[in-house]
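Beneath this line is the structure, given in structure tokens, with notes to follow.
Any read-out appearing in this document is the output of simple, stated calculations on the displayed coordinates, not a laboratory observation. As the structure is a computational prediction, the values presented were derived from the model and not from experiment. As a convention, Cβ positions derive from the backbone with ideal geometry for all residues, glycine included, and neighbour counts pool all protein chains shown.
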Amino acid sequence: MLRNAVRRRTLAILATLRRSGGISALSRQIGASPIETMAAADALIPGLIDDFQSYDGGMQGLLKLIEAAG
């Protein structure tokens with residue numbers, strides 16, 4: 001069931017990246033086609049979701065760490 005929740009979140013993030021032009025922007029930055037970029041994002045996002053969820057201090061702690069890093 002947890003895997004289904006991660007997959008749903010992944011699909012929602014991918015849809016947002018497509019709608020917002022994020023996939024196109026990433027494609028230009030890395031010199032890959034949008035299809036390759038979408039496949040890479042699809043492979044990476046579940047791991048990022050897992051890492052964010054398991055980060056000590058939760059999402060607030062992670063945001064503070066990112067903010068502190070600049």
Taking K and R as +1 and D and E as -1, what net charge do the other residues with C-beta under 12 Å from the C-beta of residue 62 add up to?
-2
Which of the listed residues, 12, 49, 61, is farthest toward the dipole's positive end in the chain, when Lys, Arg count +1 and Asp, Glu count -1 at the beta-carbon?
12
The chain: mean projected area of Cα convex hull, nm²:
5.5
Taking θ as phi - 60°, what are the ³J(HN,Hα) couplings along segment 32-43 by the Karplus curve (6.51, -1.76, 1.60), each to the nearest whole Hz, with x for Gly and Pro?
10, 6, x, 5, 5, 5, 5, 5, 5, 4, 4, 6
Under a point-charge model restricted to the Cβ atoms of Lys and Arg (+1) and Asp and Glu (-1), what is the dipole moment magnitude of the chain relative to its Cα centre, in debye to the nearest 20?
320
